[in-house]
Amino acid sequence: MSDLLLRGGIVDGRERDILVRDGRIARIAERIDAGAAEVIDVGGKLVLPGFVETHIHPDKAFIADRTQGLRAGGPTAQTLVAELKKTFTVDDIYQRARKVMELAVRHGCTSMRAHVEIDSFVELRGVEAMRRLQADLIGVLDLELIAFAQEGIFNDGVTKDLLREGVKMGLRWLGGCPYMDKDQRGQIDWFFETAQELGVPLDFHADSSDDPALLTCDYIAEHTIKRRMQGRVTVGHLCMLDVLEPPHRAQVIAKLREARIHVISLPATEMHVKARTDTRRTWRGVARLGELREAGLNVAVSTNNIVNPFTPYGHPDLLRQALVAALSMHLGNLDQMAWLLELITTNAAQAIGIEGYGLAEGCRADLVVLDARDSAQAITEQAEKLYVIKNGRVVARNRRTNELSLS
Ligand SMILES: [Zn+2]
């Protein structure tokens, strides 16, 4: 692979040249002699490390046209999807998931951690499809997979064994969903025990409802500390913080901080699904990102669902998710606009433990160049991702064209 020189991109607020060699950032400086490198002029354009998707469900994407979707008094998204899942074939999952990946790459994503549902309905068909896709995308997108129990583990006799099988087949995380079992704590116990036995990190879909009596993240945090798994546990959703009284909430946040839990907010799904039966107020249920960040937690934002009953307009464009997060969580002053993109880059990379990630010499050359000068403009204009670079190779070039006729 020949060297690549990005000329004049904005790095940490200043125009810099970036030399890429052997898939890494070799040098960042005010002016670098191009030598034999291929030069791309990115003068005045914002350069970021590639976007990182930490919580997404490609195996149940693009199925909104197979169901009526949510309506008052009708079945939940959970029920609608569980029914459809029985009909999924390996090839069907592969094709739909591939479409997700292609869109994600086009929109600046260079690393993704995806959930793969494993249960009596879909068995290991998702695992087979996603492992194939993982191999097919080497060099384009780093794809990590979570063996995920969307239907709980105590509702049938096979899921627990299938989850272990999934890990044996190459899935590197275990994913629980306590609110799908009556015995939430029993499920959490099983996941901690099994994760330690198999030596894998944990991810939970947790505290998705608005009933404080069902809170589990404090229990997850306690176990994380007790079992010395600090930094290796992620929690997605965390909608319930929003209905706790402030002193209780502060206590829970302190416990999460102590356990070094990574929090992943999924604002698009929350805003579509939450509070549908509340006739008085529309609770938004988005994790309190600003407050969590201020308390010193690592927080990220992710896509979750794509074109299914959970989020019919879901799209794997993380820049869009940053905007949805800003809108739903009152994040919009200059300071907040400046750190919002961390939620889809550095914080997300930290949540899933990506090594050598960032905009510094020696880091992997996973980069995205935006048609904007700074973070605020990128979010406001939903700037085009002019170049997406993976391991030092341009994997997507995008251009937006406009024609105005004003007179
Ligand atoms: Zn999810």
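The values are calculated or read from the model by the stated rules, or taken from the named source; none is laboratory data. The structure displayed is predicted, hence computed values, not measured ones. Cβ sites come from the backbone with ideal geometry, for glycine too, and all protein chains shown count toward neighbours. We work out accessible area using only protein heavy atoms, side chains counted, and drop any ligands, DNA or RNA first. Shrake-Rupley method; radii C 1.70, N 1.55, O 1.52, S 1.80 Å.
Quick rundown of the values:
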{"read-out": "First in region 26-51 and in contact (Cβ under 8 Å) with a residue 40 or more places away in the chain, second anywhere and basic (Lys, Arg) and part of a strand (DSSP E or B), Cβ under 6 Å, 6 or more apart", "value": "Ile28/Arg16"}
{"read-out": "Strands (runs of 3 or more DSSP E) wholly inside region 19-96 containing at least 3 residues that are closer than 27 Å to Leu343 by Cα and either hydrophobic (A, V, I, L, M, F, W, C) or open to solvent by less than 20 Å² (accessible area, probe 1.4 Å) (or both)", "value": "24-29, 46-49, 51-56"}
{"read-out": "Number of the exception - Phe62 against (1) on the phi > 0 side of the Ramachandran plot; (2) among the aromatic types (Phe, Trp, Tyr); (3) touching a strand residue (DSSP E or B) at 6+ places or on another chain (Cβ under 7 Å)", "value": "(3)"}
{"read-out": "Scope region 104-121; condition crowded, with 18+ Cβ neighbours inside 10 Å and away from the ligand (no atom under 15 Å from the Cβ); matching residues", "value": "Ala104, Val105, His107, Gly108, Cys109, Thr110, Ser111, Phe121"}
{"read-out": "Output for region 56-80, where each listed residue is touching a Ser or Thr at 6+ places or on another chain (Cβ under 8 Å) and within 14 Å of the ligand (Cβ to nearest atom)", "value": "Ile56"}
{"read-out": "Helices (runs of 4 or more DSSP H) wholly inside region 237-304 that include at least 2 residues being under 19 Å from Asp218 (Cα atoms) and open to solvent by less than 70 Å² (accessible area, probe 1.4 Å)", "value": "246-258, 289-294"}
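Matching residues to (1) open to solvent by 70 Å² or more (accessible area, probe 1.4 Å); (2) among the charged types (D, E, K, R); (3) within 16 Å of the ligand (Cβ to nearest atom); (4) not in a strand (DSSP E or B):
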site	(1), (2), (3), (4)
Val127	no, no, no, yes
Ile138	yes, no, no, yes
Gly152	no, no, yes, yes
Gly157	yes, no, no, yes
Lys182	yes, yes, no, yes
Arg185	yes, yes, no, yes
